[in-house]
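Asks: Handing you this structure, nothing more for now.
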Amino acid sequence: MSIRSVVILSLSLTICACGGGGGSDETVTTNTSPASSNSTALGPAPANASYSNGTRALQALLLSEKHLPLTPENAEYIEGTANTDIIANGNPLAFIATRDTKADEAWSLGWTGRGVKVGHLDDFLTKDIPSHVAGKNVSHGDATALVTYQVSPEMTHSAQQLSFDCDTLSGTQAEQLQSGYQYFNDNGFHIVNNSFGISRYNSAPCGGTPGLLSDADWANSIKGMTENPVFLNMAGAVNDSTSYDENMLFVFSAGNAAQQCSGGVGACTLRASVILELRKTQPTAGARVLYVGSLSGASLVSEIITIPETLATYSHSAGDMKNDFIVAHDSVFFYQDASGTSFAAPRVAGAAALVRQKFPTLNGSSLKQVLLQSADDLGAEGVDEIFGHGKLNLINALSPIDGLTK
């Protein structure tokens, strides 16, 4: 995905929509087009669909093998039908997030995300991602929301606009961050997906020289963010009435600059670095913030493909954030149709919605711990600096062994 520069806290940094890296930047279409910067209008589901929410692309999912076959009569539910044959006839490559998270198994048990509010803070206006399904471009936000819908089709969704354009003023972007999070907080949202981040590595798509920020500049960035009330409210590092609701969980993509910045997410992405800094004096900072890295390959479904589970070359590893880190696959609609941690994070956000539906008394930090503690261990035994807690296991998360507390 594109990476664009923005001035934050008087320092020139790069904010990236963490969707591309290490592979194709193609994605798929969705009809999630915001009527304004504050909301996304979702079309009604067809009368014979089992679930009530969804974009037109998700309505195709609802008409898939779990519900009704995608026939020529039903093809109208995909906007642009030139490639509906890709999805027709139960193509096992379609709806990959549903399959690699085993969300369909959770649906059969009744857990679909119904009643859980999930927000996406993302760019829903810039339609610059090529789509091979409808032959038109879609936005980064459309793609991330689509992934979440494939896992949690009955969630209540809202899109909040965050512009990534090179000419976006830092003040405008800061206002969008603040208003977006405040909207989610004021309206009782449970989970917020954040498929963006500020990287220490500047790829210079909007000018400047590629490279890592110096130690001094990075230290100044961290210091500035420790004084940012929006970040502090999200990280739960303040104890006054302005802190966001404790029931909220914030899911972040880990970022895709691992080949340019070593040391893991805590050394290479600003918000994770700031959490580590805050924890020197506030050990509970970031208790409801979860980072998601990408596994190589899009699925281990045996009838599709078999790939050893390794961290994608572009994905930041857990590093010092290993106790806040989980991994998942990252294609959007089909195996290897896109890559980047932007599309791993919404899988976890969707899974969190299903767990929240089953256990509605969990607050954000407890919900995070259920997802972490139920993950499949990968790499070195136990929590490690590559995979953190390991691979998302939705079915395990819905059946925790230990008792749950709020």
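Asks: Semi-axes, largest first, in whole Å: what does sqrt of 5 times each Cα gyration tensor eigenvalue give for the stretch 307-365?
Replies: 24, 17, 9
Asks: Ordering 190, 329 from largest to smallest accessible area (1.4 angstrom probe), what's the sequence?
Replies: 190, 329
Asks: OK, next. How much accessible surface area, in Å² rounded to 10, belongs to the heavy atoms of residue 261 with a 1.4 Å probe?
Replies: Rounded to the nearest 10, the figure is 10 Å².
Asks: Starting from 0 in steps of 5 Å, tell me what percent of the Cα-Cα pairs of the stretch 232-291 lands in each bin.
Replies: Computed distribution, short to long bins: 4, 19, 26, 22, 15, 8, 4, 1, 0.
Asks: Heads up, I need the accessible area for residue 339: 1.4 angstrom probe, whole protein in place, Å², nearest 10.
Replies: 10 Å²
Asks: In terms of solvent-accessible area of protein heavy atoms at a 1.4 angstrom probe, what is the ranking of 142, 165, 104, highest value first? Please report the intermediate quantities before stating the final value.
Replies: Details: 142 0, 165 55, 104 35 Å².
Solvent-accessible surface, decreasing: 165, 104, 142.
Asks: Follow-up question, since we're still on this one. Mind listing the phi-derived Karplus ³J(HN,Hα) values for the stretch 182-190, rounded to whole Hz, using 6.51, -1.76 and 1.60 with θ = phi - 60°, and x for any glycine or proline?
Replies: After applying 6.51 cos²θ - 1.76 cosθ + 1.60, I find 5, 4, 4, 5, 5, 9, x, 6, 9 Hz.
Asks: With a 1.4 Å probe and all protein chains in place, put 223, 358 in order of accessible area, largest first.
Replies: Numbers: 223 120, 358 65 Å².
So the residues, ranked largest to smallest area, are 223, 358.
Asks: For residue 128, what accessible surface area do you get with a 1.4 Å probe? Give it in Å², rounded to 10.
Replies: So the heavy atoms of residue 128 present about 60 Å² to solvent.
The values are calculated or read from the model by the stated rules, or taken from the named source; none is laboratory data. Please read all numbers here as calculations on a predicted model, not as lab measurements. Side chains included, ligands, DNA and RNA excluded: accessible areas come from the protein's heavy atoms. Shrake-Rupley method; radii C 1.70, N 1.55, O 1.52, S 1.80 Å.
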